[in-house]
Structures are given as structure tokens and as C-alpha cells.
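Okay, structure first, notes after.
Read-outs throughout are calculated quantities, based only on the coordinates presented, and are distinct from any laboratory measurement. Please read these numbers as outputs of a predicted model, since none were measured by experiment. Here the Cβ is made from the backbone with ideal geometry for all residues, glycine too, and neighbour counts use every protein chain on show.
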Amino acid sequence: MADVRESSSSSSPSVQSVAERPCGTCTACCTWLPIPAGHVGPNDKPAGVACPHLTCTGCREYENRPTICRRFECAFLKARTWPVQWRPDRSGLLCLSEPLSPGVWGAAVYELVPGRLDSTVGRAILEQLLAQSSFVVLITRDGRRILRQGLRVDTKEHIPRPHFAHDQRATESSPRGYSRPAP
């Protein structure tokens with residue numbers, strides 16, 4: 001199984017490297033992720049609500065987008081060997097994977113389209129994330145959270161970049177918790 005952080009590229013025509021696979025028309029994170037106040041507006045941007053910078057053609061601030069957006073990479077962008085069918089706008093699942101503390105990798109899967117967690121693609125993505133995570137939180141379309149124990153046991157120390165667990169302001173030195181959790 002490919003690792004979410006893997007940097008090698010596959011020769012398969014359905015797999016592209018990160019350099020070849022920009023977000024394109026996918027704007028799942030712009031709607032489905034909560035963003036704390038001060039990043040894209042004066043108030044919190046709740047999960048499931050479109051970012052105020054999002055238009056029908058994408059981010060109107062893309063070239064000058066906020067630091068939190070520039071730093072964000074969904075699991076699809078990180079996993080250079082994931083098939084293009086797993087991109088959030090195609091799979092209906094927005095996946096996040098981050099080191100949360102030394103030896104602990106967490107993943108979250110937002111179900112963007114009802115029933116996608118139980119689809120063939122959803123099961124394949126979940127299997128992939130469970131193999132490389134300590135746990136996976138599934139967030140169903142109706143807001144239920146389901147915790148699944150992962151298979152990863154990691155003894156190496158990692159520097160966390162928890163996009164889905166902490167607020168990262170423009171400076172590297174001040175991670176703070178979200179003002180409210182995603183539904």
C-alpha cells in the first residue's frame with residue numbers, strides 16, 4: 001500500500017505526482033473544513049459552509065490566499081500515488097492525514113456525498129488510511145463521527161503539522177485550538 005507521505009511517483013497513467021496534480025477544479029476543503037476566525041474573515045468559517053473567497057470558478061484570492069490555505073494539503077495531494085479517482089471532488093471524500101504527536105498519526109475522512117464511505121472507492125481509501133494511521137475519524141454527511149482504530153504503530157518522533165486539529169496562524173510559533181469543532 002502507498003503511504004500518504006510517499007514521494008515516489010508511479011508509472012500508472014491513473015496516478016500523478018503532486019507537481020502534476022494541483023487542486024484543479026476541486027474546492028472541497030474550501031467548503032468542508034472549519035477555519036478559525038482571522039484567516040479568511042473576521043469570524044469562524046464553519047465546516048460545510050463555503051469560504052467567503054470561493055466563487056463558482058474557484059478561489060478569487062488564490063494567488064494571495066491565506067497562509068492556512070497555502071500550507072494545507074489534503075491526503076490526496078500528499079499521497080502522490082493515490083489514483084486521480086480518489087481526489088475529493090471525484091471520490092466524494094475529503095481525507096486528511098497528519099502526525100499529531102510523536103508516534104501518533106491521525107486521519108479524518110469527511111463524507112461529502114451521502115453513501116460514499118460505503119462505496120468501493122470509499123472502502124479502498126479507508127483501507128489505505130487505516131493501514132498508515134493510528135486512528136481514522138469518519139465524519140458522515142449527516143455529521144456523525146465514527147472512530148476506527150488504525151494499524152500504524154510508530155515509534156519515531158515526528159514534527160506535527162495538524163491542519164485538522166490545530167489553528168496555524170501566519171507565524172509558525174503559535175498553534176492554537178479551533179474555536180469550535182467541525183460538526
Check segment 52-59 and report whether any residue there is under 16 Å from the mean Cα position of the chain (by Cα) and not basic (K, R).
no
If we keep only residues of segment 100-150 that are farther than 20 Å from T27 by Cα and among the aromatic types (F, W, Y), then the residue surrounded by the fewest Cβ atoms within 10 Å (Cβ to Cβ) is F135
Picking from L33, L77, L126, the residue that is under 15 Å from the mean Cα position of the chain (by Cα) and within 19 Å of R148 (Cα to Cα) would be L126
